[in-house]
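Every number here is computed from the coordinates shown, using simple stated rules; none is lab data. These figures come from a predicted structure and were not determined experimentally. When we count neighbours, we look across all protein chains shown, and the Cβ atoms used for this are built from the backbone with ideal geometry, even at glycine.
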Amino acid sequence: MNPTVGIAVILTVLQAAHCQMIKDLSACLLGQNLRVDCRYENKTDNPLTYEFSITKDNRKHVIHSTISVSENIYRNRANVTMHKNLVCLHLQSFTTSDEGIYMCELKATNDYTGNQMRNITVIKDKLEKCAGFSLLIQNTSWLLLLLLSLPLLQAVDFVSL
């Protein structure tokens, strides 16, 4: 077998084996609740497992997970929602005692490249408020948003057609 062809086959297999990649991790306040958005790119329809954790005082605390067991102090306060290419952690009654380094860990079934992880430092006084419009912007094309906003822009005489 030609060595060039062998290398090409190996690269193709490795690329296909890499099923998901975390693209972005962000956090914001929604009233008194924390929302952590973990955006990823998924190249397969395989089921996705996740784990949200926090590191405080050099100790990892699992908040919500399908990979391992969540800690009792977070069970009644945390829930996770999943949308297309987005896993959101919602932590109710967020206080300064919940500050720390939050981690999102994702793994797709049959992805042999290991778990994908991303960290973000969360400090209550430095968090921005979640915009109700932000989820729409993240999941909607810009062209559709422009078309939807034209009547509003015309009403304030910003655009005349």
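For a paramagnetic label modelled on HIS83 (point 7 Å from Cα along Cα→Cβ), amide N atoms under 15 Å away belong, within segment 34-61, to 35-41.
Of all lysines in the structure, those lying under 16 Å Cα to Cα from LYS23, and not within fewer than 8 positions of it along the same chain, are LYS43, LYS84, LYS107.
Placing R0 at 35 angstrom, the Cβ-Cβ distance between GLN92 and LYS43 gives a FRET efficiency of 0.55 after rounding to 0.05.
Annotation: extensible slack from ILE73 through MET21 equals 15.8 nm (criterion: 0.36 nm per residue apart, minus Cα-Cα distance). Note on ASN33/LEU148: beta-carbon distance plugged into 1/(1 + (r/R0)^6) with R0 of 35 Å gives a FRET efficiency of 0.80.
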